[in-house]
Amino acid sequence: MLFIYSSLSVGGIETFFVRMAKERARLGLKTSILLLSEPKQSNHELLSEAKLYASVYFAKDIFVFQPTLSSRLSIIAPLNKNKLKVIMEGVDQIHGFDAMQLLFGERLARLMDKKIPITVGFYHYIKYLWGGNKVALHERINRKFIFDYLPEQSLLFFSPGSRDLYAKTRNKSFKRSNTFSLGVVDKKDVHLSSDISKPLKLVAIGRLVEFKTYNFYMIQVIKNLVNKGYNIEFDIYGNGPLYDELKEKILKFEVSNSIKLKGTLDYSKFDEVVSNSDMFIGDGTAIVQAAALGIPSIVGVQNFVEPKTYGYFCDVYMHQYTRKGLDLPLFSVEKMIADYIDMPTKLRLDLKTKHVNCIEQFTNESCQQSLDSLKSIEMPTRNFKYNRFIYLLSRTADRFNMKYNKKHPRRTQFEDFRALNEK
């Protein structure tokens with residue numbers, strides 16, 4: 001199996017690829033990871049772990065000329081044919097998230113004269129929704145490749161809710177697509193205690209990006225709780241484009257004694273940090289990892305402006321819990337934290353147990369089995385045809401447009417979701 005991606009920074013997609021490589025190695029299955037970047041762009045610890053379980057290749061290994069430029073022109077850039085044969089040896093499935101990277105994967109398979117199944121993971125529900133029909137030519141080609149060329153079985157939505165959303169917007173049923181859950185955790189025994197720390201320790205872990213709005217509303221939540229006499233500390237782990245803005249808001253609200261920006265958390269220290277916390281708030285794969293440790297985890301619904309949530313992960317894990325607009329009741333995040341602090345010890349222990357018991361479907365073993373079964377998908381006999389030069393010209397022009405046009409649909413991609421009713 002070959003994963004194609006940009007780099008291994010510490011994020012949900014990247015750590016998922018490494019977990020799958022680890023599980024496959026346990027079963028004696030070969031995994032390759034092709035990163036279209038330089039090694040220094042990856043997190044050193046995560047990259048080192050990936051190399052324990054997979055053959056890891058970089059842009060410099062496969063392109064003939066300047067790797068950075070060639071990565072941007074991957075669908076036409078000259079390739080090292082000898083290295084290509086090494087990378088593609090034994091590959092029975094190509095998997096990725098980004099359409100251009102998968103178009104590159106299709107090129108690799110074609111050059112090897114093989115019909116290797118190509119699968120795409122919908123790791124973020126808005127990836128191929130933003131902009132509607134008002135997208136540039138290259139993005140229309142991306143979506144044509146994903147939705148019209150790839151077999152439906154190649155589309156991995158990871159939840160029925162995500163599939164239903166795309167079925168509605170694309171006017172297709174996607175009934176043959178896959179909706180198995182992401183592999184996030186290994187089965188483990190955890191010791192549960194009804195005790196809480198003083199001060200209560202709340203933690204969030206993830207990239208500081210636009211759609212993770214809970215990092216911002218939590219500043220007001222913590223301020224309110226402290227003003228009401230609750231002793232609480234909130235640690236935010238992660239980095240990203242909104243780091244400075246978040247730091248400025250923490251200072252403005254005068255809560256720097258209670259809220260700490262901790263920067264990027266080493267992947268290997270996740271369990272240690274979260275296990276020593278009392279509560280977690282977040283989304284994606286991080287909240288599954290936290291739940292597996294028995295930590296009561298509040299769902300951080302993406303793009304919510306108000307401090308509201310669908311509740312605890314253990315109560316909504318069967319839904320697409322990070323997506324705004326679900327037909328589920330909403331709860332005050334502030335009240336949930338206060339209620340947990342005041343909760344009787346037995347109920348607190350029951351809540352932790354519910355979190356541990358709900359993660360069976362998120363095991364790496366189960367996910368790997370489902371993912372590996374996709375190697376039998378039959379690809380179309382015809383090649384996917386498009387003008388690669390016009391594609392790259394459109395992509396380049398659109399990047400300039402996005403840089404200077406504040407109303408570019410990619411820059412406003414979350415606004416429609418934020419406009420949804422939060423009552």
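Suppose we keep only residues that are under 30 Å from LEU347 (Cβ atoms) and crowded, with 17+ Cβ neighbours inside 10 Å within region 163-195. Which one would you say is farthest from the chain's Cα centre (by Cα)?
Once the filter is applied, the top-ranked residue is VAL185.
Hey, can you tell me all the residues within region 360-376 that are at pLDDT 95 or above and touching a Ser or Thr at 6+ places or on another chain (Cβ under 6 Å)?
LEU374
Could you pull out the residue among ASP98, ASP148, ASP61 that is farther than 22 Å from CYS367 by Cα, surrounded by 14 or more Cβ atoms within 10 Å (Cβ to Cβ) and either at pLDDT 95 or above or within 18 Å of the chain's Cα centre (by Cα) (or both)?
Every option except ASP61 fails the conditions.
Is one or more of the residues making up region 116-129 assigned to a loop (DSSP other than H, G, I, E, B), farther than 19 Å from PHE174 by Cα and in contact with a helix residue (DSSP H, G or I) (Cβ under 8 Å, 6 or more places away or on another chain)?
yes
Here is a check on your reading of the model: is LYS212 closer than 30 Å to LEU349 by Cβ, of a type in the set (D, E, K, R) and crowded, with 18+ Cβ neighbours inside 10 Å?
Spelling it out, LYS212 is indeed closer than 30 Å to LEU349 by Cβ, of a type in the set (D, E, K, R) and crowded, with 18+ Cβ neighbours inside 10 Å.
Identify, from the list GLU254, GLU248, GLU272, the residue that is in a loop (DSSP other than H, G, I, E, B), out of contact with any His (no Cβ under 6 Å at 6 or more places or on another chain) and free of Cβ contacts under 8 Å to residues at least 40 places away in the same chain.
Residue meeting the stated conditions: GLU254.
Can you tell me how many residues in region 199-222 are under 15 Å from the mean Cα position of the chain (by Cα) and in a loop (DSSP other than H, G, I, E, B)?
7
Taking the condition in contact (Cβ under 8 Å) with a residue 60 or more places away in the chain, outside the structural domain of ILE146 (by TED's automatic domain parsing), surrounded by fewer than 18 Cβ atoms within 10 Å (Cβ to Cβ) and within 30 Å of THR285 (Cα to Cα), does SER376 pass?
For SER376, the condition - in contact (Cβ under 8 Å) with a residue 60 or more places away in the chain, outside the structural domain of ILE146 (by TED's automatic domain parsing), surrounded by fewer than 18 Cβ atoms within 10 Å (Cβ to Cβ) and within 30 Å of THR285 (Cα to Cα) - is not met.
Out of the residues in region 250-290 that are among the hydrophobic types (A, V, I, L, M, F, W, C) and touching a Gly at 6+ places or on another chain (Cβ under 6 Å), state the one that is modelled with the highest pLDDT.
ILE281
The values are calculated or read from the model by the stated rules, or taken from the named source; none is laboratory data. On a predicted model such as this, the values are computed, not experimentally measured, just so you know. As a convention, Cβ positions derive from the backbone with ideal geometry for all residues, glycine included, and neighbour counts pool all protein chains shown.
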